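Working notes, beginning with the structure itself.
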Amino acid sequence: MEKQLLYKKLAKYYDFIYSWKDYKKDAVKIKKLISKYKKSQGNQLLDVACGTGEHLKYLKSNFSCTGIDINNEMLKIAKKKIKRAVFEKGNMTNFKLNKKFDVIICLFGSIAYVKTYQNLERAIKNFYKHLKNGGVVIIEGFITNSEFKPNHLYMNIYDGKNVKVARIGTSRIKNGLMLAEMCYLIGEKGKINYFSETHELGLFDIGKVLNIVKRFGLKGTFIKRGLMKDRGLYILVNR
Ligand SMILES: C[S@@+](CC[C@H](N)C(=O)[O-])C[C@H]1O[C@@H](n2cnc3c(N)ncnc32)[C@H](O)[C@@H]1O
């Protein structure tokens, strides 16, 4: 089965599937947090796992933006949308940009794609390597093990004039990973296509994440009320 179909073959439907999400409101909150925690003077911002660039769209007028993502199909859409930003292909656990940033963000639970604590440590170390003195890292957590509700079902509908998308998802835990099953019905140009896939995601405990952060000499804070009601934000700053 193809991995991460949503970010490859179905990338062109990503913005439809998440059309319910208020990226503009997210950006307002992110900017407030940056003002509160950033001590460095610059305005270089890196969005890790930037996807189709929806957050950058609302951050680009305040920051000099770079986006990084593992999937070319997502980057292609982001590049088209935001001409002024720099986009690079890379894995969050090992990307190398010869540059340091004042702000690094990694949002919408993307961090869960690293799956294991070992990879999470690699990713945080990598963020730290790319962070200026006085800079700030903002990571939007994914649901934690204790918050996981088995058999939970959800549905997203996009009812456009020329494209209609219905996605139904559910998830379960296997070998410590969350297996998020997703089924899509996509109607376009007189045809209806069906796709299904399973994403593998890590469920990380807040305390353990903050312990990893400490090892790199970063000071971590977890804010329970984040961008979405069930996901908090990790704020990391140099000590
Ligand atoms: C839920 S989407 C979030 C995208 C975007 N940040 C947003 O808020 O819409 C997850 C993103 O993580 C990317 N991704 C998955 N694994 C990754 C990795 N190891 N390194 C970098 N990006 C990754 C996917 O390609 C996808 O764009």
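At 37 °C and 0.692 mPa s, what whole-number value in µm²/s does Stokes-Einstein give for the translational diffusion of the chain, with Rh from the Kirkwood sum over Cα pairs?
178
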State the number of lysine pairs found in the stretch 145-202 whose Cα atoms come within less than 26 Å, restricting to pairs 8 or more positions apart or on distinct chains.
5
Counting only other residues whose beta carbon sits under 12 Å from that of M178, what net charge do I get with K and R as +1, D and E as -1?
+1
Give the angle, between 0 and 90 degrees and rounded to the nearest 10, that separates the Cα long axis of helix 23-37 from the longest principal axis of the Cα atoms of the chain.
10
Evaluate the relative contact order of the chain (contact order divided by residue number), counting alpha-carbon pairs under 8 angstrom at least 6 apart; express in whole percent.
18
Going by a ≥ b ≥ c, the root eigenvalues of the Cα gyration tensor, does the stretch 145-202 fall in the rounded group (a/c under 1.5), the prolate group (a/b larger than b/c) or the oblate group?
prolate
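Laboratory data are not the source of any read-out in this text; all were calculated from the coordinates shown. All values reported here derive from a predicted model rather than from experimental measurement. Every residue, glycine as well, gets a Cβ built from its backbone with ideal geometry; the counts of neighbours run over all protein chains shown.
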